[in-house]
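All remarks here apply to the structure that follows.
Read the figures in this text as sums done on the coordinates, not as results from a lab. What you see is a predicted model; the values in this text were computed from it and never measured. No Cβ is skipped: glycine too gets one built from the backbone with ideal geometry, and neighbour counts run over all protein chains shown.
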Amino acid sequence: MLGFIWFWLVAVMIVAYVVLDGFDLGVGVLHLFLPHNEAERQSMLGSIGPVWDGNEVWLLAGGGTLYFAFPLLYASAFSGFYLPLMMVLWLLVLRGVSLELRNHLDLGVWRTLLDGAFGLASALLAVFYGAALGNVLRGVPMNADGYFFLPLWTNWQPGANPGILDWYTIIGGLVALVALTLHGALWLTVKTSGELEQRARKAVTPLLGLLVALTAVSLFATIAVRPASLDNYFRYPATFIVPVGVAAALAGIWFWNRGGQPGKAFLASAAYLFLMLAGGVWGLYPDLLPATNGAANSITIDRALSGPYTMEVGLAWWSVGMALAVGYIVFVYSRFRGKSDENKDPHPGVIAPD
């Protein structure tokens, strides 16, 4: 029972990170081409400025929870995916540094360079996250001791000995890139006004059409690569409500964005991300990381779970920590509600030259 609880607690924390930091990444991608002047760039950054670093705490919390709840999975994944994890780490650093530093340099050429770095890092992070999920859903070539190593790519084909990148994980990366960019566009329709808001709303329609197509492609690709991902759905037919909910969320985005209700459209996007991730996780259960070279080598909940004392004590401390984190999130989002461009200062945070 504790294994089941911790499986879903880790899943919820990952979903919370994707939903909350997802619009930060989407705004970063849109920052490359949506704003027409510095005031609009400042408005976009102001929409995420008070919350982006707090949103990333969920990534750290999820990794920490994974460490004490499923130590075998943590050790295996962080060694086998060492190269992409280092790339993600550097992209997170580059994104954070460029976002903070550009507001302290009142020089056009440096701001342009840092804006490009911020947007590129945001786009690559979205792709890497989607590809990472694709690797987990597809599986990895696992040794009997639970360890593996993957090169960045091999022959671009999923199979017994794949690389981190193949045609399936690239599809996952594209789904994540489009979904999070759409999520960011919807966030901007909520938090900005004027021409910037209108351009963000217009960007939703083509992004949504592309996302619908990629979602369908990813569904059939997942079934083709790992047919066992449907086993839990057929075992518990009521859970087919998840793909139905995905379709309903996509329809809700279109309906509410078209009807000028940005808040509801954004919540529909959050529901889409939640259901897509929950659906993928449910297709894995009770595996945590399937093996492509034999089910006996897969890392399952029972195999990876910490001892009962660790789980019980950890659950008590986790509850306290999550109560504080949720309280912080509620405070920050309520404190900074409203349009970000209500602040008329065109260069907030810039240090004036002597």
Using a simple spin-label model with points 7 Å from Cα along the Cα→Cβ vector, what separation in nm is obtained for Trp153 and Arg235? 3.6
Radius of gyration and Dmax for segment 1-160's Cα atoms, expressed in Å? 18.1, 58
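Indicate the helices, whole DSSP H runs only, in the chain that combine a mean Kyte-Doolittle hydropathy of 1.0 or more with a Cα extent along their long axis of 15 angstrom or more.
Those that pass (Cα extent of 15 Å or more, hydropathy at least 1.0) are 2-30, 57-69, 82-101, 108-138, 167-191, 194-225, 241-258, 262-284.
To the nearest 20 debye, what is the magnitude of the charge dipole of the chain about its Cα centre, counting +1 on the Cβ of each Lys and Arg and -1 on the Cβ of each Asp and Glu?
Roughly 740 debye, rounded to the nearest 20.
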Rg/Rg_globular for segment 110-154, with Rg_globular taken as 2.2 N^0.38 Å and Rg from C-alpha atoms: 1.70
With a sphere of radius 15 Å drawn around the Cβ of His183, what net charge do the other residues whose Cβ falls strictly inside it have (Lys, Arg +1; Asp, Glu -1)? +1
On a C-alpha basis, how far is the centre of segment 275-346 from the centre of segment 60-98 in Å? Whole number, if you could? 14
Sort Ile301, Ile170 so the one with the fewest other Cβ atoms within 10 Å of its own Cβ comes first. Ile170, Ile301
Sorted by chain and number, the residues with a modelled amide H under 5 Å from that of Ile299, at a separation of 5 or more or across chains, are Leu288, Leu289, Ala291
Debye intensity ratio I(q)/I(0), log10, segment 214-276, q values 0.13, 0.17, 0.20, 0.25 Å⁻¹ (C-alpha model): -0.42, -0.65, -0.80, -1.02
Under a straight-distance cross-link criterion of Cα-Cα below 16 Å, which aspartates and glutamates are reachable from Lys339, leaving out those fewer than 8 residues away in the same chain? Asp24, Glu40, Glu195, Glu197
In percent, what relative contact order does the chain have, based on Cα pairs under 8 Å that are 6 or more apart in sequence? 26
When a/c is below 1.5 the answer is rounded, else prolate if a/b is larger than b/c, else oblate, so apply that to segment 201-354 with a ≥ b ≥ c taken from the square roots of the Cα gyration tensor eigenvalues. oblate
